[in-house]
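Here the structure comes first, spelled out in structure tokens, and everything after it is commentary.
Throughout, read-outs are computed from the coordinates displayed, never taken from laboratory work. This structure is a prediction, so every number in the text was calculated from the model and none was measured. Here Cβ is always computed from backbone atoms with ideal geometry, including for glycine, and neighbour counts include all displayed protein chains.
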Amino acid sequence: MRTSRISRLIPSAIGVLALMAGVLAATPGTAATPAPTEGQLLAAAKTAPKKAIVSFTVGLKRSDSAAQNLLAEVSDPTSSAYRQFPSRSEVKSHFGATARSLGALRASAGEYGLTVSLDATGVFATVTGRAGAMGKWLGKPITVREGTVDGMYLVEYRGPAKLPKSLRSQVREFIPMDMISAAAPNGAEASALPPYEGINEGTPTSCLTPEGDEYVYAYNQLRSAYGIADLPDTRKVARATRAVVMAQGDGFSRGALQASADCFDVPLASFTRKRAPGLESKLPVGDEGQLDVQVMQAVLPAGSSVNVIEQSGFDGRDYLAWATAFRLKKQPDVISTSYGDCEPQSDQESGFSRSLSEAVFTRLGLIGTSVFSAAGDQGSSDCVENNGTGKGPKKLAVDYPGTSPYVTSVGGTRLIVDESNERVGEWVWNSTAALPPVGPALGGGGGGTSRWFQRPWWQARSVTRSSMRTVPDVSAHAAPGPYWPLFMGRDDFATVGGTSAATPMTAASVGIIAAVQRTQGRPPLGPIQPWLYRMQKKHPKAFYDVVDGNNDVYDRGCCSAKVGYDKASGLGSPNFDVWLRKLPAASVNGRG
């Protein structure tokens, strides 16, 4: 059965939030869980192997005051010596270690077979040798400890704090520590994750109580933060909108759509069910099906129409649903799916279904359809079960169909807004850093490297050095805390998170941009990845560059945010109003 990409609320984490008679009941916690220190994560120290090579640093006697005086002179624009800088060799010879200090160190260390190398600055020397000999020189054994910390594999050697007595008057500093670090196996360094409370600091428009608003984002806040509120919302644009939701497991209820619109003051949209071949009845209502349509409704202009293509979650013939979208009376501009499978798991199933789906994706792209898929909610370990238990293979894996070169993969972030609901900052979503009551929990935005697809032409080597397709392409708020709102009925409210929320928001926003183009007599957008990657270079303000955090939920060594593209957040999170303004021109009444 395919997997939905919604992170359900675990009752023990925050208590069940229920809307009963207009009262939102919540039980927020108060105790914070301290982040483990580096020492707690490294293994206990033990005696280092005698043959291990160790290097310690010794600061030698030198002429610091003379060096400082000359620096002031050559840095002073009013000085006759301004910018008359000495050479590196002159600095070392005039202000470096005294011959007596260096000679004493070499003589002492040399008795134990250790070598001494003077740094090019002349300030310090490095003493190198086997741990056994180093321990004898210093009078106590050298210890070592090792382990993985924040995605880095560390080996740390330490010796006693003091040099032999005969040297102490001849040196100035001694640092008996040597550390070797490398990226943990199978991935890149993961940046540190500061703890967070998951509190809404903005100004929501909702029917929830203050306690509920504290931990839930209202749609007006998300629309403001991502520039959706600045997109055209006229009736003409609404009539031109052509959006599709893939419901490949769960159905939706119109009562819940009405309740969501009423609570968050958003206009109603019209949703029409279409069945894929093989489905003979409506799908049963489920949280994934409800979330997808409620989020899309909250983004689109009043009066928009959306087709919902339903398919059983047990039917592995996904291409049937995609082909149903292709033959809709009005060809879709955007399709959003929140369902998928990790690639290794899908390897065990028939490859023919995937091959057919890829062929249909190609045709959808040829008619101008943009397809969006959730990147998953288990970080870089997509095969772990999406139920908060951590069960399943924790090896690095990514989600299909998001890995398809014809699909835009949407990852997850954690958004913070101010009182005006403007974005203050955004981090990669990783719930392991969340404090009570929203965490800590197992969950994070999907991302990593495909094992199936080669790097597409639009994902240049300057973006990723991998020869394979990497995901996500973009990201948006998916973190539980603040949560996304979800109505399961008129009086049944829940809180959720996941890329299942970020994806329909992104798809619907692009759907508005495509509809605006249609009102101007211009063609649809088609696969938008080439445009996005080009736009990120030419118009950096089109994205908020997410540079902090990681999605390494299960300590697999991947993936961390950094400046520019990364496998934790993609190109960053969207500023949809800029996307509309920077859309390349197309030929009127043509496909240019």
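For residue 140, a cut-off of 20 angstrom between C-alpha atoms picks up these lysines, skipping any fewer than 8 places away in its own chain: 46, 50, 51, 162, 165. For the range 441-512, the relative contact order is 26 percent, taking Cα pairs closer than 8 Å that sit 6 or more residues apart in sequence and dividing their mean separation by the residue count. Here the simple spin-label model places points 7 Å from the Cα toward Cβ, and for residue 491 and residue 161 these points are separated by 6.8 nm.
With a Förster radius of 25 Å applied to the C-beta separation of residue 366 and residue 281, the computed FRET efficiency comes to 0.15. Placing dummy labels 7 Å off each Cα toward the beta-carbon, the span from residue 209 to residue 140 is 5.8 nm. Can you work out the FRET efficiency for the pair residue 385 and residue 199, with r the C-beta to C-beta distance and R0 = 22 Å, to the nearest 0.05? It comes to 0.15. The ranking of 477, 539 by Cβ neighbour count inside 10 Å, starting from the fewest, reads 539, 477.
In terms of packing, defined here as the mean over residues of other Cβ atoms within 10 angstrom, the peptides 540-552, 494-506, 158-170, 517-529 line up highest first as 494-506, 540-552, 517-529, 158-170. Over all pairs of different C-alpha atoms in the chain, the reciprocal of the mean inverse distance, the Kirkwood hydrodynamic radius, equals 26.6 Å. So for the chain, averaging the separation of alpha carbon pairs under 8 Å that are six or more residues apart and normalising by length, what relative contact order in percent results? Once normalised by length, the contact order is 18 percent. Here 361, 453 are placed in order of increasing Cβ neighbour count within 10 Å, fewest first, which gives 453, 361.
In this simple spin-label model, placing a label point 7 Å from the Cα along the Cα-to-Cβ direction at both residue 538 and residue 265 gives a separation of 3.8 nm. Which of the three applies to the range 161-298, rounded, prolate or oblate, going by the alpha-carbon gyration tensor with a ≥ b ≥ c and a/c under 1.5 meaning rounded? It is prolate, given that a/c is not under 1.5 and a/b is the larger ratio.
Taking all Cα pairs closer than 8 Å and separated by 6 or more residues, the relative contact order of the range 442-592 comes to 28 percent. Between residue 467 and residue 395, the FRET efficiency from the beta-carbon distance, with R0 = 22 Å, is close to 0.70. Cross-link partners for residue 274 among the lysines, with Cα-Cα distance under 17 Å and sequence neighbours closer than 8 places in the same chain left out: 282, 329, 330. Mind pulling the angle between the C-alpha long axis of helix 287-299 and the longest principal axis of the chain? Nearest 10 degrees, somewhere in 0 to 90. Roughly 90 degrees, rounded to the nearest 10.
Separation of the range 384-426 and the range 204-223, taken as the distance between their Cα centroids, equals 22 angstrom. The lysines within cross-link reach of residue 562, meaning a Cα-to-Cα straight distance under 26 Å and a gap of 8 or more places when in the same chain, are 394, 395, 537, 538, 541, 582.
Sorting the segments 206-215, 291-300, 417-426, 272-281 by their mean number of nearby beta carbons within 10 angstrom, highest to lowest, gives 291-300, 206-215, 417-426, 272-281.
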